[in-house]
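Here the structure comes first, spelled out in structure tokens, and everything after it is commentary.
Every number here is computed from the coordinates shown, using simple stated rules; none is lab data. Model, not experiment: these values are computed from the prediction. Cβ atoms come from the backbone with ideal geometry, glycine included; neighbour counts cover every protein chain shown.
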Amino acid sequence: MSTTTAPPRAAAPAAAMRRGILHAPVYLLLAAASVLAVLPFLWMVIASTHETSDLFGTPLPVLPGGELWENLARLQESVNFSQVMLNSLGIAVIYTVFSSIVSIMCGYGLATYRFRGRGILLGVVLVTMMIPMQVLLVPLFQMMASAGWIDSYQAVILPFLANAFGIFLMRQGFLDFPPTLIEAARIDGANEFRIFYRIVLPVARPQIAALVIYTFISQWNAFIWPLLMLNTEDKYTVPVALNTMIGMSRVDYSGLMLGSLLATLPLMILFLVFQKQFVSGLLGGAVKG
């Protein structure tokens, strides 16, 4: 009669300890990288609660100060920060809604329908991602001036509604959808809009969430184009308004840090709430050819 010898119970902890020792350098490196990534944000929080003179003193402040509300009042007085936050929020929301619709529909068409020149059209879309923004500024400015849209929000929103990255992301996501389901729905008498809205879109929720987050962040952080288009201070977005705080002789670094902190918080909250959908959406669209 044969018997099997059970492995000693001490083997498992010993193996886990060896793995921990082998992975210790990796963990230390990741911990150091995390600290370095957090330090700029931590310094921004500390600097926003001190006077500008304190930021250039010796030693540097390492704890929050007591000037937060004074800096906030000065920031509101200098650039009307509450108004520019509302401006940025409105522009970003409107742009995100319409740009996402364009990206979703274009991506669905490129992934689902078979037509002559589809590969060429996709190539053209991808090539536009390699065109520097600076090359487009002069012709776009002339177009907006011809339309009489200078110093208007539509000039900030409309020229970039067709986002090449968003179209490509949604096209990659829709490639995962089984075409047999679409054919079955057509046989059952469903029209194209019903197929798209009732069958395809619910499956693409992770990619749509990733697209919405990416589009909102890119528009919220946009600087060069709003700077060229908007001339009225009450219409400024957050990046443009913060840029006006940098003077020739004096820079209010405390107010600038506080404004940057307040401008960053909505993006952090948005990402923390939807980070799971964002990561799954990007990974889901990255594995298809």
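Quick one: grab the alpha carbon gyration tensor of the range 140-280, order the square roots of its eigenvalues as a ≥ b ≥ c, and give me rounded if a/c is under 1.5, else prolate or oblate depending on whether a/b is larger than b/c.
oblate
With unit charges on the beta carbon (Lys/Arg positive, Asp/Glu negative), name the residue among Met170, Phe56, Val45 whose Cα is farthest towards the positive pole of the charge dipole of the chain.
Final value for the positive-end residue is Met170.
Based on the inverse mean of 1/r over its pairs of different Cα atoms, what is the Kirkwood hydrodynamic radius of the chain, in Å?
Kirkwood hydrodynamic radius for the chain: 23.2 Å.
Would you work out the charge dipole size for the chain about its Cα centre, treating the Cβ of every Lys and Arg as +1 and the Cβ of every Asp and Glu as -1, and quote it to the nearest 20 debye?
1520
Can you give the longest run of the chain that contains no trypsin sites (Lys or Arg not before Pro) sitting in a DSSP loop with at most 10 other Cβ atoms inside 10 Å?
So the longest stretch without any such site is 117-249.
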